[in-house]
1. Hey, among Gly31, Gly21, which residue is surrounded by fewer than 10 Cβ atoms within 10 Å (Cβ to Cβ) and either modelled with pLDDT of 60 or more or more than 30 Å from Leu127 (Cα to Cα) (or both)?
2. Which one is farthest from Ala78 (Cα to Cα) among residues in region 113-146 that are acidic (Asp, Glu) and surrounded by 10 or more Cβ atoms within 10 Å (Cβ to Cβ)?
3. Return the pair list, or none, for Cβ contacts closer than 9 Å from residues in region 63-83 that are under 15 Å from Ala137 (Cβ atoms) to residues that are modelled with pLDDT under 95 and of a type in the set (Ser, Thr, Tyr), at least 6 apart or on different chains.
4. Restricting attention to region 49-98, report how many residues are out of contact with any Asp or Glu (no Cβ under 8 Å at 6 or more places or on another chain) and assigned to a loop (DSSP other than H, G, I, E, B).
5. Collect the residues in region 95-126 that are among the charged types (D, E, K, R) and touching a residue at least 12 places away in the same chain (Cβ under 8 Å), keeping them in residue-number order.
6. From the residues in region 102-146 that are more than 25 Å from the chain's Cα centre (by Cα) and of a type in the set (Phe, Trp, Tyr), which one is nearest to Asp57 (Cα to Cα)?
7. Which one is surrounded by the fewest Cβ atoms within 10 Å (Cβ to Cβ) among residues in region 51-63 that are at pLDDT 95 or above and either under 17 Å from Pro132 (Cβ atoms) or not aliphatic (A, V, I, L, M) (or both)?
8. Taking the condition of being of a type in the set (Gly, Ala, Ser), surrounded by 13 or more Cβ atoms within 10 Å (Cβ to Cβ) and under 30 Å from the mean Cα position of the chain (by Cα), how many residues in region 79-101 meet it?
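The values are calculated or read from the model by the stated rules, or taken from the named source; none is laboratory data. On a predicted model such as this, the values are computed, not experimentally measured, just so you know. Neighbour counts are summed over all protein chains in view; Cβ atoms, including those assigned to glycine, are modelled from backbone coordinates with ideal geometry.
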Amino acid sequence: MRINKFMVGMLVLGLAVSVLGAVALATPGHGNGYHASDTAVDNVSWTIQGFIELTIDNGAFDFGEIAAGVDSVSERNANTLHVFSNTAWKLSYSVTGAGSDHLSVAMSSDEGEGNDDITVGYSLNNLRMMHPDTYTATVVYTVAAK
């Protein structure tokens with residue numbers, strides 16, 4: 001009978017080892033050809049706002065004293081505007097003040113996209129029609145998205 005108990009013990013031990021081996025082989029990545037993996041996706045998004053900034057090199061331009069009898073004076077490179085932008089834009093201006101109807105403004109460009117430097121020229125015309133005095137006109141530049 002001792003041999004029978006020994007044999008039963010061996011059978012139980014063999015059965016236990018077999019079950020543990022089967023469990024080990026059945027877990028992912030342990031030789032059964034099944035490899036566990038997973039994927040997660042995250043869509044990252046954002047929105048960029050359009051911006052436009054306008055600066056001028058010098059906030060005042062002076063033609064100085066104009067000689068008697070001169071009818072027109074021009075300065076092609078009187079000032080420079082700087083546009084900083086990430087979008088398409090259009091540049092405009094308005095002129096006000098005493099003598100503004102005698103001042104002409106010429107810009108190297110009045111529209112663009114992104115950053116740009118705009119050269120500004122000024123011309124005074126029909127000066128012989130003006131009374132002797134000191135005149136000041138204000139030019140306001142405006143840049144807006146197209």
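1. Details: Gly21 fails: surrounded by fewer than 10 Cβ atoms within 10 Å (Cβ to Cβ).
Going through Gly31, Gly21 in turn, just one is surrounded by fewer than 10 Cβ atoms within 10 Å (Cβ to Cβ) and either modelled with pLDDT of 60 or more or more than 30 Å from Leu127 (Cα to Cα) (or both): Gly31.
2. If we take residues in region 113-146 being acidic (Asp, Glu) and surrounded by 10 or more Cβ atoms within 10 Å (Cβ to Cβ), then Glu113 is farthest from Ala78 (Cα to Cα).
3. So the pair list comes out empty.
4. So the answer is 18.
5. So in region 95-126, the residues among the charged types (D, E, K, R) come out as 101, 110-111, 113, 116-117.
Residues satisfying the conditions are Asp110, Glu111, Glu113, Asp116, Asp117.
6. The extreme case among them is Tyr122.
7. Applying the first criterion (at pLDDT 95 or above) to region 51-63 yields 51-57, 61-63.
The next check asks that each one be either under 17 Å from Pro132 (Cβ atoms) or not aliphatic (A, V, I, L, M) (or both); those that pass are 51, 53, 55, 57, 61-63.
Values: Phe51: 10, Glu53: 10, Thr55: 11, Asp57: 12, Phe61: 13, Asp62: 8, Phe63: 15.
Per the criteria, the residue is Asp62.
8. Residues in region 79-101 being of a type in the set (Gly, Ala, Ser), surrounded by 13 or more Cβ atoms within 10 Å (Cβ to Cβ) and under 30 Å from the mean Cα position of the chain (by Cα): 2 in total.
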